[in-house]
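Some notes on the structure that comes next.
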Amino acid sequence: MGEALKEGLSRVGHSVFLVADPDAATEVLSTERIDILYVDCLLPQVMGIDYVTKIRNEMPSRARFKTVLMSGIYTDKDFISEAIKKTQAIAFLRKPFNLEEAIKFAKIDDVARREREDIG
């Protein structure tokens, strides 16, 4: 799933960092400007929701990214609602999802980023 998402986002012009664990993600976040973070709710060693919350608290200057959560296991309506609230996510994708559905959030962010750059 990660490789397909990376390929899809790359094809529409995004630089994509695909990582396999939270430590690698933290390394990328500490060195790169990330606009959107796609996070699975079930990560090695930690829940994705807890990871996003931790990064937002520990790295506030680097944590301006938008979050898209995804899961094939945690799909209960109440879980999704709480997860979105806790992480300030812009979306929750239930696996399996259509690649176009995932890419649309990056396209929306592109428009918002260009508007911010025009104003600033």
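The values are calculated or read from the model by the stated rules, or taken from the named source; none is laboratory data. From a predicted model like this one, the values you see are computed outputs, not experimental measurements. FYI the Cβ positions are ideal-geometry reconstructions off the backbone, even for glycines, and counts take in every protein chain you see. Surface accessibility is based on the protein's heavy atoms, side chains included, excluding ligands, DNA and RNA. Shrake-Rupley method; radii C 1.70, N 1.55, O 1.52, S 1.80 Å.
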(message) Can you go through ASP40, ASP35, ASP23 and tell me which one is over 21 Å from LYS107 (Cα atoms) and of a type in the set (Asp, Glu)?
(response) ASP23
(message) I'd like the full set of residues that are of a type outside the set (Ser, Thr, Tyr), more than 20 Å from SER71 (Cα to Cα) and open to solvent by 50 Å² or more (accessible area, probe 1.4 Å), limited to segment 24-57.
(response) GLU27, GLU32, ARG33, ASN57
(request) Give the residues of segment 72-91 that are open to solvent by less than 60 Å² (accessible area, probe 1.4 Å) and over 16 Å from TYR38 (Cβ atoms), sorted by residue number. (result) THR75, PHE79
(message) Just to verify a result, which residue in segment 38-80, among those that are in a loop (DSSP other than H, G, I, E, B) and of a type in the set (D, E, K, R), is modelled with the highest pLDDT?
(response) ASP76
(message) Here is a list: LEU18, LEU69, LEU5. Which entry is within 14 Å of ALA83 (Cβ to Cβ) and among the hydrophobic types (A, V, I, L, M, F, W, C)?
(response) LEU69
(request) Within segment 55-71, track down each residue that is under 14 Å from TYR38 (Cα atoms) and not hydroxyl-bearing (Ser, Thr, Tyr). (result) ILE55, ALA63, ARG64, PHE65, LYS66, VAL68, LEU69, MET70
